[in-house]
Amino acid sequence: MKEELEFRLSVHPDEIKEQRKLGWAEFHPETFCHRCGGKNVRSWFVAHEYFNSAVEALGLTSAAIICPGCFVVGHELTSGLWCTWELVPYSPFKPEELK
Ligand SMILES: [Zn+2]
């Protein structure tokens with residue numbers, strides 16, 4: 001029996017077209033947070049076990065695209081703890097033209 005894979009977009013393609021019409025030429029589903037609607041940082045990560053439990057606490061799935069601020073909210077919800085987060089550059093740094 002062949003298993004069908006289902007691919008779900010978190011943003012409907014029409015939404016991308018609409019944002020581009022509004023002048024957000026670089027609009028991409030990962031450029032904004034799907035929870036708060038704020039701008040997402042270009043690239044970030046956290047250990048998957050932290051991410052998965054945080055998005056679950058927010059009522060989202062591990063495929064969710066969220067900003068670091070919303071991740072922290074989810075982490076506090078799921079852990080009941082708060083902490084100071086350290087932002088550390090992850091090399092290699094990339095030239096601006098590769099963004
Ligand atoms: Zn957010």
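Every number here is computed from the coordinates shown, using simple stated rules; none is lab data. These figures come from a predicted structure and were not determined experimentally. Note: ideal-geometry Cβ built from the backbone for every residue, glycine included; neighbour counts use all protein chains shown.
Please list, in order, the residues from region 60-99 whose amide nitrogen is less than 19 Å from a point placed 7 Å along the Cα→Cβ vector of LEU22.
In region 60-99, the label zone of LEU22 (backbone N under 19 Å from the point 7 Å along Cα→Cβ) covers 65-67.
Near the amide H of ARG35, under 5 Å away, which other amide H atoms are found, from residues 5 or more places off or on another chain, if H is placed in the peptide plane?
HN-HN under 5 Å from ARG35: CYS67.
Please compute the modelled spin-label separation between ASP14 and THR61, points set 7 Å along Cα→Cβ, answer in nm with one decimal.
Going from the THR61 label point to the ASP14 one covers 2.1 nm.
How do the peptides 37-50, 82-95 rank, highest first, by the average count of neighbouring beta carbon atoms within 10 Å per residue?
The most tightly packed comes first, giving 37-50, 82-95.
Over region 13-85, what lengths in whole Å, largest first, do the semi-axes of the equivalent ellipsoid take, defined as the square roots of 5 times the eigenvalues of the alpha-carbon gyration tensor?
Rounded to whole Å, the semi-axes are 26, 12, 10.
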